[in-house]
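Enquirer: Before I ask anything, let me first share the structure, which is written out below as structure tokens.
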Amino acid sequence: MSYERPAEPAIRIEGLTRRFGGNAVLDRLDLRIGPGEFLALLGRSGSGKTTLLRTLAGLDPVEEGEVLVPRNVAVVFQESRLLPWRRVWENVTLGLPGRDARDRAVAALEEVGLGHRLEAWPLTLSGGEAQRVGIARALVREPEFLMLDEPFASLDALTRLRMQAMVGRLWQKRRCAVLLVTHDVDEALLLGDRAVVLDSGRIRTELPVALDRPRRHDDPGFAPARRALLAALDVHETV
């Protein structure tokens, strides 16, 4: 894997192939994510989404093809993965260098609406609060490229909507490049500048989302875009 200069946080993937047992999970994949772009990645289970994210995060090797990412990368996983024996602010500062680490953690937690829970233990947090801590832990590192791996999948519907709105606001403020892996078509359209559907390790559909922000389900163009993405996922609405 190669790294671009920090001032140029575009992501470039060319001919990426990843095989398991002779089967290509990623098959000569080409993809670019522009500086400050919010890309939503969809696909059925087994389409290669998680393998792509792990590769971009440096967790899986690049054996075939080329991948260029910024040096400063952060990942938010589906589970918050908080250490129960450390307080909230201490979880945010894990691995963070500098004497001002606590101050930076406080600022990040205030940014996600958890300034009042600095000294709380993780087991006292709700699911939504725990994910906010996970997002703060990523943001405190000032990433040029932020990856979100289905971060709202385990949340109830109302909390999920609130978290989507929060992530949208944070992205508009920070403007780092974002890759959101999701199974939720509506989520992709509410947040993404572009939606990409992965199928058998290759891009099946690429859809620019030309909707004004903040977005609503009743916006003109939302329903046609939703139908296009569902069709790409082989889901056809009957009503």
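No lab work stands behind these numbers, since they all come straight from the coordinates. From a predicted model like this one, the values you see are computed outputs, not experimental measurements. Counting neighbours? That spans all protein chains shown, and the Cβs are built from the backbone with ideal geometry, glycine included.
Enquirer: Rounded, prolate or oblate: pick one for region 1-108, where a ≥ b ≥ c are the square roots of the eigenvalues of its C-alpha gyration tensor, a/c under 1.5 means rounded, and failing that, prolate if a/b is larger than b/c, else oblate.
Expert: Prolate, because a/c is 1.5 or more and a/b exceeds b/c.
Enquirer: Rg and Dmax in Å for region 125-239, alpha carbons only: what are they?
Expert: Considering region 125-239 through its Cα atoms, Rg and Dmax are 14.7, 45 Å.
Enquirer: Still on this structure: Which loop trypsin sites (Lys or Arg not before Pro) in region 174-239, with loop taken from DSSP, have no more than 15 other Cβ atoms within 10 angstrom of their Cβ?
Expert: Hits after loop and neighbour filter: Arg175, Arg216.
Enquirer: What helices does the chain hold that run 20 Å or longer along their axis, going by alpha-carbon atoms, with a Kyte-Doolittle average of -0.5 or more, using DSSP H for the helix calls?
Expert: What comes out of the filter, once short or polar helices are dropped, is 157-174.
Enquirer: Oh, and also: Between the DSSP loop rule and a limit of at most 11 other Cβ atoms within 10 Å, which GluC sites (Glu not before Pro) in region 184-239 are left?
Expert: Glu237
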